[in-house]
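Values in this text are rule-based calculations from the coordinates and carry no lab data. Owing to the predicted nature of the structure, the values given are computational and were not obtained by experimental measurement. Reconstructed Cβ throughout: ideal geometry from the backbone, glycine too, with neighbour counts over all protein chains shown.
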Amino acid sequence: MSGSFPRLLGISGSLRRDSFNTAVLRGIAEALRGKVALTIHPLNDIPPYDGDRDGEEPPSPVRALKAAIAECDGVVLCSPEYNWGMSGVLKNAIDWASRPSFASPLKGKPALLMSASPGSAGGARAHVQMRDAMASALARVVARPPVTISLAHQKAADGRLFDKASLDFAVAAVDDLLDEIELVSGHRSKRV
Ligand SMILES: Cc1cc2nc3c(=O)[nH]c(=O)nc-3n(C[C@H](O)[C@H](O)[C@H](O)COP(=O)(O)O)c2cc1C
């Protein structure tokens, strides 16, 4: 951890301008202002994964994503549920960011998983895929009950989550992520 606040990278699995998932990340960023620096990294320019374009010099939006992951202390993923899974956009970004395998910027990175949906399950069925993909990339997924925001259309407005109970729930999860970051940085400093 460096600087005055832990640096978190928010990644929304939705490209939609009025996305509820991006609204969740914005709501958290505002609720935690003065405690953590959470920036949202849009996935709009990330191309479909192509092994022929992967390697030392992947496409520049991919390089920017990987650099942002490498530089942050922890990532917060918030995905819509599409047909019971995470969004293809998010899976595609994880695939790029997971390279090279066993040495990617996701390796050992503390990660918090969230989902939001207008549905009553809040995107809960997307979590298994998100958790598996991040585990495969060797990220340190925070072990806690999943953060799911149901009926998201009633809880966000003007691009921000405003519902207090949901915000409190999400902020408590970020606290767990901060604990994980501290644990990891403590382990790392003991090793050097
Ligand atoms: C292709 C597709 C599949 C969807 N499947 C699900 C689903 O399985 N479960 C669910 O709760 N919502 C589902 N939805 C509704 C999304 O949760 C909803 O569009 C949501 O607002 C998308 O997230 P966003 O607001 O961040 O863009 C689906 C939407 C699309 C376009």
request  = With a length cut of 18 Å (Cα positions projected on each helix's long axis) and a Kyte-Doolittle mean of at least -0.5, go through the chain and give me the DSSP H helices that pass.
outcome  = 164-191
query = How long are the three semi-axes of the equivalent ellipsoid for region 29-117, computed from the Cα gyration tensor as the root of 5 times each eigenvalue, in whole Å, largest first?
reply = 22, 17, 12
query = Under 20 Å from a point 7 Å along the Cα-to-Cβ line of residue 182: which residues of region 83-109 have their amide N that close?
reply = 109
task = Subtracting the Cα-Cα distance from 0.36 nm times the residue separation, let me have the gained length for residue 175 to residue 35 in nm, one decimal.
result = 49.4 nm
request  = Mind checking region 40-87 for GluC sites (Glu not before Pro) that DSSP puts in a loop (not H, G, I, E or B) and that have at most 13 other Cβ atoms within 10 Å?
outcome  = 56
note = Cα-based Rg/(2.2 N^0.38 Å) for region 135-192, rounded to two decimals, is 1.49
inquiry  = How much length would be gained if the chain were fully extended between residue 63 and residue 164, taking 0.36 nm per residue of separation minus their Cα-Cα distance, in nm to one decimal?
reply    = 32.7 nm
inquiry  = Mean-square fluctuation check for the chain, GNM, Cα pairs under 10 Å: which of 32, 161, 138 is largest?
reply    = 32
inquiry  = Suppose a student asked you for the relative contact order of region 78-192, using Cα pairs under 8 Å spaced at least 6 residues apart; what percent would you report?
reply    = 26
key: 40, 94 arranged by Cβ crowding within 10 Å, fewest neighbours leading   = 40, 94
request  = With label points built 7 Å along Cα→Cβ from the Cα atoms of residue 101 and residue 5, find their separation and express it in nm.
outcome  = 3.8
ask   = Compactness ratio of region 7-186: Cα Rg over 2.2 N^0.38 Å, N = residue count?
value = 0.95
query = HN-Hα J couplings of region 44-50 from phi, Karplus 6.51/-1.76/1.60, θ = phi - 60°, integer Hz, Gly and Pro as x?
reply = 4, 9, 6, x, x, 4, 9
ask   = Under the Karplus relation 6.51 cos²θ - 1.76 cosθ + 1.60, θ = phi - 60°, what is the ordered set of whole-Hz ³J(HN,Hα) values for region 80-85, x standing for Gly and Pro?
value = x, 9, 10, 6, 6, x
inquiry  = Quick check on region 8-90: of the DSSP beta bridges with both residues there, what percent are antiparallel, nearest 5%?
reply    = 20
query = Over the chain, what is the mean sequence separation of C-alpha contacts under 8 Å (at least six apart), divided by residue count, expressed as relative contact order in percent?
reply = 25
ask   = What share of the DSSP beta bridges in the chain is antiparallel, in percent to the nearest 5?
value = 15
